Amino acid sequence: MSRAARLALAGAGAAIAALVIGMMAGGSAFPKIIPGLPDAGAVVRWGLPLSKLLMDASGVLTVGLLLMAAALLPNDKGVLGGTAVDYVKASSWSALAWAGSAFLAILFGAAESIGRTVPQILERTILTSYATQTTQGVALTLVVLFGVAIALFSRGAITAGAAAGLLVFALATMLPAPLTGHSASSPNHDLATSSVALHLLALALWVGGLVVLAAHALRRQPQLEVAAARFSRMAVWCYVGVGLSGLFSLVARLGAVSDLWTSEYGLLAVAKIVAFVLLGYVGYWHRQRTLADLAAGRPRAFTRLAGGETLLMLATVGLAVALSRTRPPEVVVPADRAFELLGFPMPPELSLANVFTLWWLDLFFAVVAAVLAGLYGAGVYRLARRGVAWSWGRTASWFFGVALLVFATQSGLARYAKVMFDVHMIEHMTLSMVVPIFLVLGGPVTLALRALKPASKRGDRGPREWITTILHSRFTKVVTHPLVPTSIFVASTYALYFTPLFESAMQEHLGHIWMTLHFLISGCLFFWVIVGVDPGPHRLPHVWRLLMLFVTMPFHAFFGIALMMMGAVIASGWYEQLGRPWGDTLLQTQRDGGAIAWGFGEIPTLIVLLAIAVQWYQDDDRQARRTDRRADRSGAGDPELDSYNAYLARLNRADKGE
């Protein structure tokens, strides 16, 4: 038996042992059976967590295989090498195992939900109803479908772009099942949902990458030094992401610090924290010792430590599954429908002071803002260290846009936007029509291309090469064609508010995240075409940019007028459940929101007009200087100017009678 196979068996044993110990410690292994109540039996009691453990492990393995192929191993001008192609093909089998274990989870989950054994629920209608009508069943069904899709598409993937696309797809497939568990029922469900999503993404990249890297080392495959160095740089950020998101997840579920040692859930969380700290120490040892040994041609120390770290990681995965099967401690929450829907009490009556003081942590967009500010600041700092100048105006524009993003998503404005339509419209217009203008004027792509160094190996793709490839891709050419962002920017507003989509998005935290992201991304696409300073496939003349602006903005005014004229309340089911006791009626706040949408467009229009005027002047000035330099180099002047000067000279001689 090969060393990689022995590591796989040892890892499976460590994960199962941690799961069993965790379930026994958490009380879910041998629950009290109340006579007269239905019980699914021991097979279902153990089969469900084991199937979820297999689902998580195969999903993490799929992510790791695709990560190794797409990013950790070098490629040749976007074409995968032989070893990377083998990893992509291996991901096809792990994805099939992912889909199969998700189907087993559906089977055992349906049995547990109605308290029947597996043979008793092998009736088509029961499985179908569970898989299509329950939240957890729908999530597992999506994992089955997506897993099969990854298995099929990975069979023919031979390019780094295809592997990267499959990696993104696999990361998205990791999310549905866990986000419908304890996080959805947590009192602070917004914080719990965002923290679980970020936790899973960082953990999948970290654990999956290390597992495949350890197998790569044990099989003595080539380019181990390059893959290990790249993984080490990524693992630092994954470790930080896992730690912070795990901390926020605990805060969202625990009512007090004492729950950590007074409840089964807290004790399992402490065990997971200990394992996390040990993993951090092992990672530090990797960076300090074993990577240097690996670069010096001594891979044995790295292989041994990576194998031990893999076992510890898989045991941590087993603990995580046991934690998901353990009920969190009871948290006393107000008997308030608004608190249940919002995750926070109904705010007091709207005032300017409350908008600036009632801050609320939206973890997802806090992370987005931190990443945007951190990466841009790192780019500016790197250019400054090289002595390369970067426009202070672009820097100020970028950070002002990030500050507006923070204010719109974290301040009291975000709280009131969930309970009042007119405040929501202020948030919507700010995120889609003001924040994007300052972000695109910051020139982030240009900054990245200047700050990032080319890949060390010719033909390989580092971050700089990936940015260039995406800029020249067919997808970018399509989505940045002026008609596409204009259509999205205009039509999506009508489609969101004049259909049930808006109410559905307000009901679920994930839906609210997608809606807010759509505002931001659609605005960035639209204004990138009009006033963006970054290189792009389509560079419109300034006159066409003005025309595009003046054609688009009236549609938002028409949208506002339509809102003011409506006699029915949009998303009435959502707002009526909140029971807001103060302020105007729902219909009046909707009409006020329409007035805001009608008049708000003047602010971004003025900013964009000023930006186009400045860019137009700067382009003409650069063109004039370029013409002068060309004339100086060639020793000849401008023919038209020379002809005009000669004409004036002839007139002057004629006046003198010469």
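Structure summary
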| read-out | value |
| --- | --- |
| Per residue Cα convex hull volume in Å³ - calculated over region 364-440 | 72 Å³ |
| Positive dipole terminus of region 528-626, leading residue within VAL614, MET564, THR552 (C-beta point charges) | VAL614 |
| Stokes-Einstein D for region 474-534, Kirkwood Rh over Cα pairs, 20 °C, 1.002 mPa s (µm²/s) | 172 µm²/s |
| For region 365-429, with +1 on Lys and Arg beta carbons and -1 on Asp and Glu, the positive-most of ILE426, GLY393, PHE365 along the dipole | GLY393 |
| Semi-axis lengths (Å, descending) of the ellipsoid that matches the C-alpha gyration tensor of region 529-629 | 43, 12, 12 |
| Rg over Rh, two decimals, region 192-236 (C-alpha only, Kirkwood Rh) | 1.12 |
| q = 0.22 Å⁻¹: log10 I(q)/I(0) that the Debye formula gives for region 566-617, counting C-alpha atoms only | -0.83 |
| Percentage, to the nearest whole number, of Cα pairs in region 435-527 over 23 Å apart | 42 percent |
| Along each principal axis, Cα extent of region 380-423, largest first, Å | 50, 15, 9 |
| Per-residue ³J(HN,Hα) for region 48-63, Karplus 6.51 cos²θ - 1.76 cosθ + 1.60, θ = phi - 60°, Hz, x for Gly and Pro | 5, x, 5, 5, 5, 5, 5, 5, 5, 5, 5, x, 5, 5, 4, 4 |
| ³J(HN,Hα), Karplus 6.51/-1.76/1.60, whole Hz, each residue of region 412-418, x for Gly, Pro | x, 4, 5, 5, 5, 5, 7 |
| Pairwise Cα inverse-distance average, inverted: Kirkwood Rh of region 357-399 (Å) | 11.9 Å |
| Charged-residue dipole, Cβ positions (Lys, Arg, Asp, Glu), region 205-282 about Cα centre, Debye nearest 20 | 320 debye |
| Karplus-derived HN-Hα couplings along region 72-77 (A = 6.51, B = -1.76, C = 1.60, θ = phi - 60°), whole Hz, x at Gly and Pro | 7, 8, x, 10, 10, 6 |
| Cross-link pairs LYS52/LYS477; LYS272/LYS457; LYS52/LYS418; LYS89/LYS457; LYS453/LYS477 - those with Cα-Cα distance over 31 Å | LYS52/LYS477; LYS272/LYS457; LYS52/LYS418 |
| Residue (of GLY377, PHE407, SER351) at the positive-pole extreme of region 346-451, dipole from beta-carbon charges | GLY377 |
| Convex hull volume per residue in cubic angstrom - Cα atoms of region 408-486 | 137 Å³ |
| Under the Debye formula (equal points on every Cα, no solvent term), log10 I(q)/I(0) of region 538-587 at q = 0.15, 0.26 Å⁻¹ | -0.62, -1.00 |
| Globularity index of region 313-472, i.e. its alpha-carbon radius of gyration over 2.2 N^0.38 Å | 1.42 |
| Exposure of THR516 as accessible area (Å², to 10), given a probe of 1.4 Å and all protein chains | 10 Å² |
| Amide H contacts under 5 Å for VAL79, placed H, 5+ residues apart | ALA160 |
| Principal semi-axes in Å for region 447-604 [√(5λ), Cα gyration tensor, largest first] | 38, 21, 12 |
| Where LYS477, LYS77 fall by accessible area, highest first, once all protein chains stay in place (1.4 Å) | LYS77, LYS477 |
| Electrostatic dipole magnitude of region 431-524 [Cβ: Lys, Arg +1; Asp, Glu -1; Cα centre; debye, to 20] | 720 debye |
| Hydrodynamic radius (Kirkwood) for region 55-209, which is based on Cα pairs only, to one decimal in Å | 16.3 Å |
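The values are calculated or read from the model by the stated rules, or taken from the named source; none is laboratory data. Quantities reported herein were computed from a predicted structural model and do not represent experimental measurements. Positions of Cβ are generated from backbone atoms using ideal geometry, with glycine treated the same way; all protein chains shown enter the neighbour counts. The accessibility values were calculated without ligands, DNA or RNA, using every heavy atom of the protein model including side chains. Shrake-Rupley method; radii C 1.70, N 1.55, O 1.52, S 1.80 Å.
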